[in-house]
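This report concerns only the one structure given below.
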There are 2 protein chains.
Amino acid sequence: MTRSFTIGVDFGTSSVRAVVVDCADGRTLGTDVFDYPSGERGVLVDPRDPHLARQNPADYVAGLEASVRGALAAAERDPGFARDRVVGIGTDTTGSTPLPVDAIGRPLALHPRWREHLAAHAWLWKDHTASAEAAAITDAARRHAPEYLAPIGGTYSSEWFWSKIWHCRNVAPDVFEAAASWVELADFVPAVLTGVTNAAKIRRCVCAAGHKAMYSEVWGGLPSADFLATLDPALAELRSRLYDHAYPADRPAGTLAAPWAEWLRLPAGIPVAMGGFDAHYGAVGAGIRPGTFVKIIGTSTCDCAVASADTPLPDIPGICGIVNGSIMPGYYGVEAGQSAVGDLLAWWVEGVCGGGEALHAALSEEAARLRPGESGLVALDWNNGNRTILVDPRLTGLIVGQTLRTSRAEVYRALIEATAFGARAIVERVQEYGVPIERVVCCGGIAEKNDLFMQIYADVIGHPMLIAGSPQTPALGAAIAAAVVAGPEAGGYDGFESAQARMTSLKEKRFLPDPAARAVYDELYALYRELHDGFGGRTGETGTNEGTFMKRLLGLRDRVASSGASA
Amino acid sequence: MTRSFTIGVDFGTSSVRAVVVDCADGRTLGTDVFDYPSGERGVLVDPRDPHLARQNPADYVAGLEASVRGALAAAERDPGFARDRVVGIGTDTTGSTPLPVDAIGRPLALHPRWREHLAAHAWLWKDHTASAEAAAITDAARRHAPEYLAPIGGTYSSEWFWSKIWHCRNVAPDVFEAAASWVELADFVPAVLTGVTNAAKIRRCVCAAGHKAMYSEVWGGLPSADFLATLDPALAELRSRLYDHAYPADRPAGTLAAPWAEWLRLPAGIPVAMGGFDAHYGAVGAGIRPGTFVKIIGTSTCDCAVASADTPLPDIPGICGIVNGSIMPGYYGVEAGQSAVGDLLAWWVEGVCGGGEALHAALSEEAARLRPGESGLVALDWNNGNRTILVDPRLTGLIVGQTLRTSRAEVYRALIEATAFGARAIVERVQEYGVPIERVVCCGGIAEKNDLFMQIYADVIGHPMLIAGSPQTPALGAAIAAAVVAGPEAGGYDGFESAQARMTSLKEKRFLPDPAARAVYDELYALYRELHDGFGGRTGETGTNEGTFMKRLLGLRDRVASSGASA
């Protein structure tokens, strides 16, 4: 039997990783990582504004070529591998990470005229400069077009497409004027690989469009020009230079352009899959299907679920995104997330306790000897805000129950528990609205390394916690998409389900809920929810927590900060 | 003019300190410290019970002799000093620290039969083994004799006289049976110095009696036998072997016994002042008077105020003690306190951040560069419960407002601020009920060393923060009491006011409220009070917070702990 291979390329926050996988079983034959050379670990920052996070598009192009070249070279060490049996390429990226492009689809930042201008670079997902615009968009949509907000959780985020573009228009109008269009990184990479030379012809994925740009076939694409005009007439004008239609992941973005085929010594004309967000392709690579909830656990957590699109799925309050076809064709893709998980533990261990990896391990070991409820601590996991189900990036952390004997390890465990309670709030909310969940499949280093973490999650959430077989599920998911667009005749598959059945796996180690621990955690979770609802506002009804304690405390902080700036 | 001198002896938790002072100006001529040799830094502990804290009475006697001997030897280096010009001795101790004695007033623990029995030793102030008894006493008094609780803040503490004795009766009935009487350490030391050989003749100070044993002339002394019988008939029977009358601090306990005069080479027959609590004599040594609030700031904080006894002072809800004559004759002594101040900072710096003195200094320096409100943090200072104004040792800590950028120094400052807010709650409560407060005089290492701490307190409380001139105000206060009982004809004084005017002083450094900081702290304090009242229950109405969040969290913790113990 002839073997066939696909390539998956995953654009992360600090680096890009390429994998070459075997279509028969998803096994990785070669992999390579390219660290972005620009900025601080790949991120362009502004010392005057901690909310700013940009990336140099030149890094993407250089990283694409270098990582794929490296992965292919590595794969060639396998005697069964041959470049001419590569049947497709798929890519995934962070998002929402829009960048301004010129008429031929070239990033403005690559022009000498704009190279030094931060607004002309890619606006990385975690750029939070556009919070005022996000609030204004939310406000306008609530008044004029509430239907736009329903599938994205009721609040438009400062991290998303329109907020960032509008902020660019407000703070860097020359960049805005110079842009022929704006493209999500997820769409930019396939456009590069397929050799698009007309910005108007770049194919946009439904994943980014639906989750970040208020795109829906229900209202005919992007938000109406009338609505955008209420924000800023310039946005209404821009709309015509964006896109009318977005594509699901089983459609190719195009075929590999001849120059790339030559540079990479790959067959010309092989299909390039539609781009997608790392979380979504990660969910694919983790084996997502109805009943399987996928958590990609890193500094923050991305959650994905799918539900058959055969029956309509209602909007779910507080869930940031429900988009038909966004994760896999034929399913509603449901996206949620927690703003700080690994970051929360790192804050404690590194930021507060002043330790590193060794202390992480020591605290984890010590915390594992504690029983649920024993420390008398409960925490809120909001040191970086709450993405789901409160959709409020300004919320802050809380720890209660400390005594003079409270140890670092007790707080460490309480913080893990807090993130598990946050995860349970998401799982329960999604289930309540008809999305089936029977097990949780996790990806990421924490899932693979921290047994305590996984057991606490099993006990708190009450479902088995499993670990994806691949350590690189986003890249694997992109490679799976490539196998689907290649199709069976080329050695690929006729759909995501059949591709996943062969190409994804689970690790043997699994964590099952312990009934005794679960009983204690049910009580602790009730206490967590009291704090959650009391300090966070009424769940899922955004904008209802403006007068609450945390907001008044933040208001005071902000007034002090601005009075200092003017002093 | 002939000089005259007095001796002050201060029995602390880990050591005893003696000073020899000049009656003319309070200047210290000689000092010496004796570390208690028994237990862990002077405290007998039980590895099975973290609430247990006892002391070996043999340490008191050895420490008394050694420290006075050492202080006198040091004083002799001053050519103007002469032992025959020593005109009195005063002593102060921790409390409530009761110990069981035999018929001749000798501690049971000094008998070979009882030496190994922890219950026969002194029950140190911070022993918390008697919490069940304290709750039962509070409950019984609320039902049968609420007047007993009014002057002590509405709740009887596990740290106090009757709780401890009753607990001894419950857990060590043989010790209870063997005791002819129980004596506060504050009364035991003068009894030793004056050579009392009959337990019934030991003079009891109104300070310990009124603040810790529910003694009042209003109801004829100690609680009635009828009331005590509702607790346990054995306590009612013990009452007759305790005391009927307690004495204020301007009356001598007696005169120095001949053997002590000989051992110490002091004039025989000089007066020995009534004993008193370290906090009260510390307040005297700090120059307490109407309008001056004294804070003795250490691991915890003791607060004292006085108000003229010429006009009646109402009971103040949540204030642990208001006793006529307890601090100085002619004044109501008002006692309050915070359960963790230095301990709270040590918990953070040492327990959590893993540092020592250097880190304390570094965090203090960094925190001093922050402006009020800038961190967005607010904390509750209850890691060791709340002594005043909620009188609830089971309350726990809370920190809210953390982000991923929250630094150790920000939390350090927030914890200082939390203790300052707790201090403000006390000051405001006391003022509301008619006790004048115009300035705050502080004693203790934190006051002398940590300028940031003092400035925050000035800004939060809104009164000038001053520092007592003597670093050993309790011993100085005891020496002042000795000068008062010696009287003017012996080179002493005719009252505390005149003695204080000459013998106490303030340091030049003082901290005045900054109006801008005060404005921000007014807002932060309002937020603190929201947490305070929400998590602590209705202020000053004890027993009203049983169903609140912290209590339910503690209830869960305790159930988990007891289920583990039985497993």
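Here B:F496 fulfils each of the conditions (1) buried (at least 19 other Cβ atoms within 10 Å of the Cβ); (2) farther than 17 Å from B:V21 by Cβ; (3) at pLDDT 95 or above apart from (2).
Yes/no per residue for (1) of a type in the set (S, T, Y); (2) surrounded by fewer than 24 Cβ atoms within 10 Å (Cβ to Cβ):
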site: A:T6; (1), (2): yes, no
site: A:D10; (1), (2): no, no
site: A:S14; (1), (2): yes, yes
site: A:D22; (1), (2): no, yes
site: A:T28; (1), (2): yes, yes
site: A:L52; (1), (2): no, yes
site: A:G63; (1), (2): no, no
site: A:A71; (1), (2): no, no
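The criterion of at least 3 residues that are among the β-branched types (V, I, T) is met by the following strands (runs of 3 or more DSSP E) wholly inside region A:17-123: A:28-35, A:86-93. For B:Y332, indicate whether it is farther than 30 Å from B:A74 by Cα, of a type in the set (F, W, Y) and within 22 Å of the chain's Cα centre (by Cα). Criteria met by B:Y332. Taking the stated definitions as given, is A:D278 acidic (D, E), surrounded by 16 or more Cβ atoms within 10 Å (Cβ to Cβ) and modelled with pLDDT under 95? It is true that A:D278 is acidic (D, E), surrounded by 16 or more Cβ atoms within 10 Å (Cβ to Cβ) and modelled with pLDDT under 95. Close Cβ contacts (under 7 Å, 6 or more residues apart or on different chains) running from residues in region B:32-49 that are within 11 Å of B:S67 (Cβ to Cβ) to residues that are among the β-branched types (V, I, T) comprise B:F34/B:V16.
Scanning region B:240-248 finds one or more residues that are in contact (Cβ under 8 Å) with a residue 60 or more places away in the chain and closer than 27 Å to B:N56 by Cβ.
One line per residue, one yes/no per condition, for (1) of a type outside the set (G, A, S); (2) in contact (Cβ under 8 Å) with a residue 12 or more places away in the chain; (3) over 16 Å from B:I319 (Cα atoms); (4) touching a Ser or Thr at 6+ places or on another chain (Cβ under 6 Å):
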| site | (1), (2), (3), (4) |
| --- | --- |
| B:A368 | no, yes, yes, no |
| B:G376 | no, yes, yes, no |
| B:N384 | yes, yes, yes, yes |
| B:T419 | yes, yes, yes, no |
| B:G422 | no, yes, no, no |
| B:F453 | yes, yes, yes, no |
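Every condition in (1) more than 14 Å from chain B (Cβ to nearest Cβ); (2) under 24 Å from B:L531 (Cα atoms); (3) surrounded by fewer than 23 Cβ atoms within 10 Å (Cβ to Cβ) holds for A:L390 except the one numbered (3).
Residues in region B:165-218 that are on the phi > 0 side of the Ramachandran plot and under 19 Å from the mean Cα position of the chain (by Cα): 1 in all.
For region A:404-441, give me each residue that is hydroxyl-bearing (S, T, Y) and either surrounded by fewer than 21 Cβ atoms within 10 Å (Cβ to Cβ) or more than 10 Å from chain B (Cβ to nearest Cβ) (or both). Of everything in region A:404-441, those that are hydroxyl-bearing (S, T, Y) and either surrounded by fewer than 21 Cβ atoms within 10 Å (Cβ to Cβ) or more than 10 Å from chain B (Cβ to nearest Cβ) (or both) turn out to be A:S407, A:Y412, A:T419, A:Y433. Scanning region A:325-340 for residues that are aliphatic (A, V, I, L, M) and either in a loop (DSSP other than H, G, I, E, B) or in contact with a Ser or Thr (Cβ under 7 Å, 6 or more places away or on another chain) (or both), we see that the one that is surrounded by the fewest Cβ atoms within 10 Å (Cβ to Cβ) is A:A340. Taking each residue of region B:474-491 that is assigned to a helix (DSSP H, G or I) and looking for partners that are modelled with pLDDT of 95 or more and among the aromatic types (F, W, Y) with beta-carbon atoms closer than 6 Å, six or more apart or interchain, yields B:P474/B:Y281; B:G477/B:Y281; B:A478/B:Y281; B:A483/B:Y493; B:V484/B:Y493; B:V484/B:F496. Scan region B:507-529 and give yes if some residue there is within 14 Å of chain A (Cβ to nearest Cβ), touching a residue at least 60 places away in the same chain (Cβ under 8 Å), under 30 Å from A:R518 (Cα atoms) and in contact with a strand residue (DSSP E or B) (Cβ under 9 Å, 6 or more places away or on another chain), otherwise no. No, because not a single residue in region B:507-529 is within 14 Å of chain A (Cβ to nearest Cβ), touching a residue at least 60 places away in the same chain (Cβ under 8 Å), under 30 Å from A:R518 (Cα atoms) and in contact with a strand residue (DSSP E or B) (Cβ under 9 Å, 6 or more places away or on another chain). Scoring A:L377 on the criteria (1) of a type in the set (A, V, I, L, M); (2) more than 9 Å from chain B (Cβ to nearest Cβ); (3) buried (at least 24 other Cβ atoms within 10 Å of the Cβ) leaves a single failure, condition (2).
Condition check ((1) within 30 Å of B:M454 (Cα to Cα); (2) at pLDDT 95 or above; (3) buried (at least 16 other Cβ atoms within 10 Å of the Cβ); (4) under 16 Å from the mean Cα position of the chain (by Cα)) across all residues:
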residue: B:D226; (1), (2), (3), (4): no, yes, no, no
residue: B:T230; (1), (2), (3), (4): no, yes, yes, no
residue: B:L238; (1), (2), (3), (4): no, yes, yes, no
residue: B:D250; (1), (2), (3), (4): no, no, yes, no
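What about B:A483, is it modelled with pLDDT of 95 or more and farther than 18 Å from B:K295 by Cβ? Judged against the criteria, B:A483 is a match.
Selection of region B:218-231 for residues being in contact with a Leu (Cβ under 8 Å, 6 or more places away or on another chain) and in a helix (DSSP H, G or I) yields B:L228, B:A229. Sort out which residues of region B:272-304 are in a strand (DSSP E or B) and closer than 21 Å to B:F5 by Cβ, and write them in order of number. Correct list: B:V272, B:A273, B:G276. Within 14 Å of chain B (Cβ to nearest Cβ) and at pLDDT 95 or above: does that describe A:G401? Yes: the conditions hold for A:G401. For A:W260, the criteria (1) assigned to a loop (DSSP other than H, G, I, E, B); (2) over 22 Å from the mean Cα position of the chain (by Cα) hold in every case but one, which is (1). Test A:L524 against the criterion of being within 30 Å of B:D522 (Cβ to Cβ) and at pLDDT 95 or above, and give yes or no. No. Selection of region A:352-374 for residues being of a type in the set (D, E) and away from chain B (no Cβ under 11 Å) yields A:E357, A:E365, A:E366. Checking each residue in region B:309-351 for being free of Cβ contacts under 8 Å to residues at least 24 places away in the same chain and either within 13 Å of chain A (Cβ to nearest Cβ) or of a type in the set (F, W, Y) (or both) picks out B:E350, B:G351.
I'd like to know if region B:38-47 contains one or more residues that are surrounded by fewer than 23 Cβ atoms within 10 Å (Cβ to Cβ), acidic (D, E) and more than 21 Å from the chain's Cα centre (by Cα). Checked against the condition, which is being surrounded by fewer than 23 Cβ atoms within 10 Å (Cβ to Cβ), acidic (D, E) and more than 21 Å from the chain's Cα centre (by Cα), region B:38-47 yields at least one hit.
With the structure loaded, tell me whether A:E410 is more than 22 Å from the chain's Cα centre (by Cα), touching a residue at least 12 places away in the same chain (Cβ under 8 Å) and either on the phi > 0 side of the Ramachandran plot or outside any helix (DSSP H, G or I) (or both) or whether it fails that test. Criteria not met by A:E410. So, in region B:373-403, how many residues would count as being under 19 Å from B:T155 (Cα atoms) and either in contact with a Pro (Cβ under 9 Å, 6 or more places away or on another chain) or in a loop (DSSP other than H, G, I, E, B) (or both)? Qualifying residue count for the region: 13.
The values are calculated or read from the model by the stated rules, or taken from the named source; none is laboratory data. As the structure is a computational prediction, the values presented were derived from the model and not from experiment. Because the Cβ atoms are built from the backbone with ideal geometry, glycine has one as well, and the counts that use them run over all protein chains shown.
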